[in-house]
Every structure is written in structure tokens, then in C-alpha cells.
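Single-structure report; data block below.
The values are calculated or read from the model by the stated rules, or taken from the named source; none is laboratory data. Being a predicted model, the structure only gives us computed values, none of them experimental. Here the Cβ positions follow ideal geometry from the backbone for every residue, glycine too, while neighbour counts run over all protein chains shown. Remember, those area values only see protein heavy atoms, side chains included, never the ligands or the DNA or RNA. Shrake-Rupley method; radii C 1.70, N 1.55, O 1.52, S 1.80 Å.
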Amino acid sequence: MPEGDAVHRTAARLRGALDGQVLTRSDFRVPRYATTDLSGREVLTTVSRGKHLLTRVEGGVTVHTHLRMDGSWRIMPAGRRPPPGDQVRLILACRQWQAVGVRLGMVDVVATSEEQQLVGHLGPDLLGPDWDPDEAVRRLRQAPDQTIGEALLDQRNLAGIGTIYRAETLFLRGVWPWRRVGDVEDLGALVTLAHRLLEANKSHAGTVTTGDRRPANQTWVYGRAGRPCRRCGTRISRGEMGAQSQERLILWCGGCQPG
Ligand SMILES: [Zn+2]
């Protein structure tokens, strides 16, 4: 699932292809917007908010998309057909380029003045211009009995963390994922570390939390279930956490993150 850094990069790619361009075609393959036509309008810009993308178009219109589990935006020359089999949900085309939204988890068209209805619930954006660690901590503290693992994925607390950054951040802080938020000693250091990790990865593909970009060495615990911890040698554990039917993957080291 794309996390905040990947969505941030996607916004940059969309800006590069579409900003300042007039749409020659819009193709919404979503029943609700089947008749929506944005052609003739200039694309102003695309911004990311946590894992949400907002593409602002001339005339006060915003196209909101979310990649969810495996969605993506592909940029290709205008006029080229997307590969067969791609589940295209939306195409925004201008003279030179087209942006093809594949398997998007959400597609909405709203007035730009009403974007807050879609993203106003989000906590501080780890990669946003308004990142505010104190506000993130304040929001986390509002539910002291929640597990820290679940709280970090709750985008209302802070926006941009997915399962990879959750696992890596908790490992690096030595925090057991099921520890109560109220029992985590330094929440400020935790969210600041998460911010640093996303910042460090926002400009390149992949997630490197160890400082070592060689493919087998990029993470501490994520993708390393059953392998020895790089610090203490304990086998990395793999499990799931979250409410029933919403369980998400968690990896941790029982030695470095004792329960
Ligand atoms: Zn360890």
C-alpha cells in the first residue's frame, strides 16, 4: 500500500505532467461521474494530503483520488493506449501527456472550496508544509488506551504512515506495537522520527530506514519476518493488529521491543 512518501512523489509526477496544461480529455470510469467532463479547463496543480491527492482544475473544481491498496497514477504520452488489463478508473489528458489512474481506491469531484470535507479530518501531514509534531502528539494522547500501533495508522492522528513506517518507527524507538499510547514514554520523539523517515524517502522510490540502500538491507523489520534482528539477532516476528476485518500487518523484534 502506498504510504505518504509514495503519494507525495505521485503528486510531484502529476504536477510535472499536468500543471498549467489544458485538459483535452477527461474520462471518468466511475459511475457517479460518468458524465463529468473537464476538457477545456486548465489544471492548476496537484497536492498531496497524507495519502490523499487533490488535483485542482480551473473553475474551482478539485479531483480527489486515493490509491488505497494498490492504485497508481501512470504518466504516459497522450494518445497512447493504457496496457490492456489495467483497471483504469480515470484519465486526465492534455496535449502532450495523459495521467492514467489505475485501480484508484477513491475518485471524487468536488468544489475546491469544499476540499476540507474530504481531508479536513486528517491529522498533521508528515510531509505537508504544515507538519506539526505537537499537534500530532496532542491527537495521539486523546486515546491513551489505544495501542500505539493502531494509533499510528489512524490518519486522524497524523497523516502519511502505513504499515512499513509503522513497523520501522516502532522498532527504532524500541516500542512494542501493542503498548498503550499512554504508556509510550516519548511520543514527541516517536512522531519526529516518523517524520524524518518519510522525509528521507520522499524523493526516491522504495523505503530505506537503515541508511543502506542495498535491496536486502533497506529495513530493520519490515519484510524480514523470521530473519535475525540486525541489532540483537532475535527472529523478527510477524502478526496482524487492528479491529476485526481491518487487521494490518505488523513486524517487530521481541528482543528490541519487549512487551
Ligand atoms: Zn532486536
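Could you pull out the residue among THR219, THR234 that is open to solvent by less than 40 Å² (accessible area, probe 1.4 Å), within 16 Å of the ligand (Cβ to nearest atom) and over 22 Å from GLY128 (Cα atoms)? Give the steps one after another, and end with the answer.
Details: THR234 fails: open to solvent by less than 40 Å² (accessible area, probe 1.4 Å).
Result of the check over THR219, THR234: THR219.
If I ask for residues that are away from the ligand (no atom under 16 Å from the Cβ) and in contact (Cβ under 8 Å) with a residue 40 or more places away in the chain, which ones from segment 205-216 would you list?
Narrowing segment 205-216 to residues away from the ligand (no atom under 16 Å from the Cβ): 205-208, 211-216.
Of everything in segment 205-216, those that are away from the ligand (no atom under 16 Å from the Cβ) and in contact (Cβ under 8 Å) with a residue 40 or more places away in the chain turn out to be ALA205, THR207.
Restricting attention to segment 192-204, which residues are crowded, with 16+ Cβ neighbours inside 10 Å and either over 22 Å from the mean Cα position of the chain (by Cα) or touching a residue at least 60 places away in the same chain (Cβ under 8 Å) (or both)?
The answer is ALA194, HIS195, LEU198, ASN201, LYS202.
Taking the condition at pLDDT below 95 and more than 16 Å from the ligand (Cβ to nearest atom), does ALA194 pass?
Details: at pLDDT below 95: no; more than 16 Å from the ligand (Cβ to nearest atom): yes.
No; evaluated as a whole, the condition is false for this residue.
Quick one: in segment 73-86, which of the residues that are within 24 Å of the chain's Cα centre (by Cα) and modelled with pLDDT of 95 or more is surrounded by the most Cβ atoms within 10 Å (Cβ to Cβ)?
Among those residues, the one meeting the criterion is TRP73.
Quick one: count up the residues across segment 222-231 that are open to solvent by 60 Å² or more (accessible area, probe 1.4 Å) and within 10 Å of the ligand (Cβ to nearest atom).
3
TRP252 versus (1) within 16 Å of the ligand (Cβ to nearest atom); (2) among the hydrophobic types (A, V, I, L, M, F, W, C); (3) out of contact with any strand residue (DSSP E or B) (no Cβ under 6 Å at 6 or more places or on another chain); (4) touching a residue at least 40 places away in the same chain (Cβ under 8 Å): which is the lone unmet condition?
Single failed check for TRP252: (3).
Just one of (1) of a type in the set (A, V, I, L, M, F, W, C); (2) within 13 Å of VAL63 (Cα to Cα); (3) loosely packed, with under 15 Cβ neighbours inside 10 Å trips up ALA34, so point out which.
(2)
Could you grab the pairs with beta carbons closer than 6 Å, sequence gap of 6+ or different chains, first residue in segment 146-175 and more than 12 Å from LEU190 (Cα to Cα), second one surrounded by fewer than 24 Cβ atoms within 10 Å (Cβ to Cβ) and of a type in the set (Lys, Arg)?
Close Cβ pairs satisfying both conditions: ASN157/ARG139; THR163/ARG248.
With the structure loaded, tell me whether GLY259 is at pLDDT 95 or above, within 16 Å of the ligand (Cβ to nearest atom), in a loop (DSSP other than H, G, I, E, B) and over 24 Å from LYS51 (Cα atoms) or whether it fails that test.
Numbers: at pLDDT 95 or above: no; within 16 Å of the ligand (Cβ to nearest atom): yes; in a loop (DSSP other than H, G, I, E, B): yes; over 24 Å from LYS51 (Cα atoms): yes.
Criteria not met by GLY259.
More than 15 Å from TRP97 (Cα to Cα), at pLDDT 95 or above and open to solvent by 10 Å² or more (accessible area, probe 1.4 Å): is that true of HIS64 in this structure?
So HIS64 does not fit the description; no.
Out of curiosity, is GLN246 open to solvent by less than 50 Å² (accessible area, probe 1.4 Å) and not in a helix (DSSP H, G or I)?
Judged against the criteria, GLN246 is not a match.
Determine if segment 1-16 includes at least one residue that is under 30 Å from GLN246 (Cβ atoms), touching a Gly at 6+ places or on another chain (Cβ under 6 Å) and surrounded by fewer than 18 Cβ atoms within 10 Å (Cβ to Cβ).
Yes, segment 1-16 contains at least one residue that is under 30 Å from GLN246 (Cβ atoms), touching a Gly at 6+ places or on another chain (Cβ under 6 Å) and surrounded by fewer than 18 Cβ atoms within 10 Å (Cβ to Cβ).
Look at segment 126-142 and say how many of its residues are surrounded by fewer than 20 Cβ atoms within 10 Å (Cβ to Cβ) and not in a helix (DSSP H, G or I).
Count: 6.
Only one of these conditions is not met by VAL184: (1) of a type in the set (A, V, I, L, M, F, W, C); (2) touching a residue at least 40 places away in the same chain (Cβ under 8 Å); (3) more than 13 Å from the ligand (Cβ to nearest atom). Which number is it?
For VAL184, the exception is condition (2).
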